[in-house]
Amino acid sequence: VHETRYPASLTKMMTLYLVFEALDQGRIARETLIPFSANAARQPPTKLGLKPGQSIPVDTAVRVLVVKSANDVATAVAEFLGDGSEARFAEMMTVKARAIGMSRTTFKNASGLPDSGQVTTAADMARLSIALRRAFPHYYGYFSQREVEVAGKTIRGHNRAMDMIPGADGLKTGYTRASGFNLATSVTRGGKSVVGVVMGEDKAKIRDARMAQLMSTYVSRAK
């Protein structure tokens, strides 16, 4: 639970935390346009593929981060909220991590692309999952999105655990070669909410099956 791991795209849960905070504080609105710099546009896949100078509304950016886990969108959001600097935004992410009790997490980027200094633990990611639901119940529906439409094209997600686990209502998958297959899932049944985090599995199927097993055990205990 406290073993140091690479978060991969679970990182984007903290990116979204700061987006939701900015929305609540009125610093941005859902229709605010997020521009793509050359730096954002050159991020490796998975990506949306916008060109430098193009932009998307905050609402679409959030949906694309959840459904497609697009790295270029994460960088564009980070630069927008970090005064042009993803590194500055990553510092904001780490400060926020400490504020919500994530004592073993350090962020170096907004996407989860490989960086040896970007580390977390399953316990910290569970804290983040719970904090997202508690602080932003009004935005939590974004995490159950299965698809998003951008410029007339429908992009479908790949969070198979949502189909496998009764009552699953979202959160995030993640994978890089260094991290293995990661998953944070929240389940609501009978008015109870449980969050689970699985990290470092060899295959997505194994990760999803392990999460289903965890949830069947702990959701029944939570009653």
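Provide the solvent-accessible area of ILE28, counting protein heavy atoms only and rolling a 1.4 Å probe, rounded to the nearest 10 Å².
Using a 1.4 Å probe on the heavy atoms, I get roughly 20 Å².
With no solvent and one equal point scatterer placed on each C-alpha of the range 1-102, evaluate the Debye formula and give log10 I(q)/I(0) for q = 0.16, 0.21 Å⁻¹, two decimals.
Taking Cα atoms of the range 1-102 as identical point scatterers yields -0.65, -1.11.
Can you pull the percent of the chain's accessible area that's carbon plus sulfur, 1.4 Å probe, other chains left in place?
Numbers: 5010 of 10190 Å².
On the chain, the fraction of accessible area on carbon and sulfur atoms equals 49 percent.
Find which of GLY112, HIS158, GLY141 sits farthest along the positive direction of the dipole of the range 72-158, computed with +1 on the beta-carbon of Lys and Arg, -1 on that of Asp and Glu, about the Cα centre.
My answer, from the dipole projection, is GLY141.
Measuring from centroid to centroid over Cα atoms, what is the spacing of the range 33-75 and the range 87-164 in Å?
The range 33-75 and the range 87-164 have Cα centres separated by 15 Å.
Identify, among THR15, ALA209, LEU81, the residue whose Cα sits farthest towards the positive end of the charge dipole of the chain, taking +1 on the Cβ of Lys and Arg and -1 on the Cβ of Asp and Glu, with the dipole about the Cα centre.
ALA209
Would you work out if the range 83-202 is rounded, prolate or oblate? Take a ≥ b ≥ c from the square roots of the eigenvalues of the alpha-carbon gyration tensor; rounded if a/c is under 1.5, else prolate when a/b is larger than b/c, oblate otherwise.
Judged from the Cα gyration tensor, the range 83-202 comes out rounded (a/c under 1.5).
Could you rank ARG30, ARG177 by how accessible they are, 1.4 Å probe, largest area first? The partial results should precede the final answer.
Working: ARG30 100, ARG177 220 Å².
Largest to smallest exposure gives the sequence ARG177, ARG30.
So, for the chain, what is the accessible surface per residue at a probe of 1.4 Å, expressed in square angstrom? Walk me through the intermediate numbers first.
On the way: 10190 Å² over 223 residues.
Ligands and nucleic acids excluded, the result is 46 Å² per residue.
Evaluate E = 1/(1 + (r/R0)^6) for ARG27 and LYS192, where r is the Cβ-Cβ distance and R0 equals 35 Å; express this FRET efficiency to the nearest 0.05.
Working: r = 34 Å, r/R0 = 0.97.
Result of the calculation: an efficiency of 0.55.
Could you work out the relative contact order of the chain, using alpha carbon pairs under 8 angstrom and six or more residues apart, expressed as a whole percent?
Numbers: 434 pairs, mean separation 46.5, N = 223.
It rounds to 21 percent for the chain.
Suppose we look only past 27 Å in the calculated P(r) of the chain. What percent of the Cα-Cα pairs does that tail hold? Mind showing how you got there, number by number?
Numbers: 6466 of 24753 pairs.
Beyond 27 Å sits 26 percent of the P(r) for the chain.
Leaving ligands, DNA and RNA out of it, rank LEU50, LEU16 by accessible area with a 1.4 Å probe, largest first. Provide the component values of the computation, followed by the final result.
Values: LEU50 25, LEU16 0 Å².
Sorted by accessible area, descending: LEU50, LEU16.
Under 10 Å, Cα contacts only: if you run a Gaussian network model on the chain, which one of ALA204, ALA126, ALA135 comes out with the highest mean-square fluctuation?
Sorting by GNM fluctuation, first place goes to ALA135.
Using per-residue counts of other Cβ atoms within 10 Å, averaged over each peptide, order 70-78, 102-110 from highest down. Walk me through the numbers before you get to the answer.
Values: 70-78: 27.2, 102-110: 21.3.
Result, highest mean Cβ count within 10 Å first: 70-78, 102-110.
With a 1.4 Å probe and all protein chains kept in place, how much accessible area does SER193 have, in Å² rounded to the nearest 10?
Approximately 60 Å² for this residue.
The values are calculated or read from the model by the stated rules, or taken from the named source; none is laboratory data. Fair warning: this is a prediction, and the values are worked out from it, not measured in the lab. So basically every Cβ, Gly included, is an ideal-geometry build from the backbone, and we count neighbours across all protein chains shown. When the accessible area is computed, the model is the full protein with side chains, heavy atoms only, and any ligands, DNA or RNA have been set aside. Shrake-Rupley method; radii C 1.70, N 1.55, O 1.52, S 1.80 Å.
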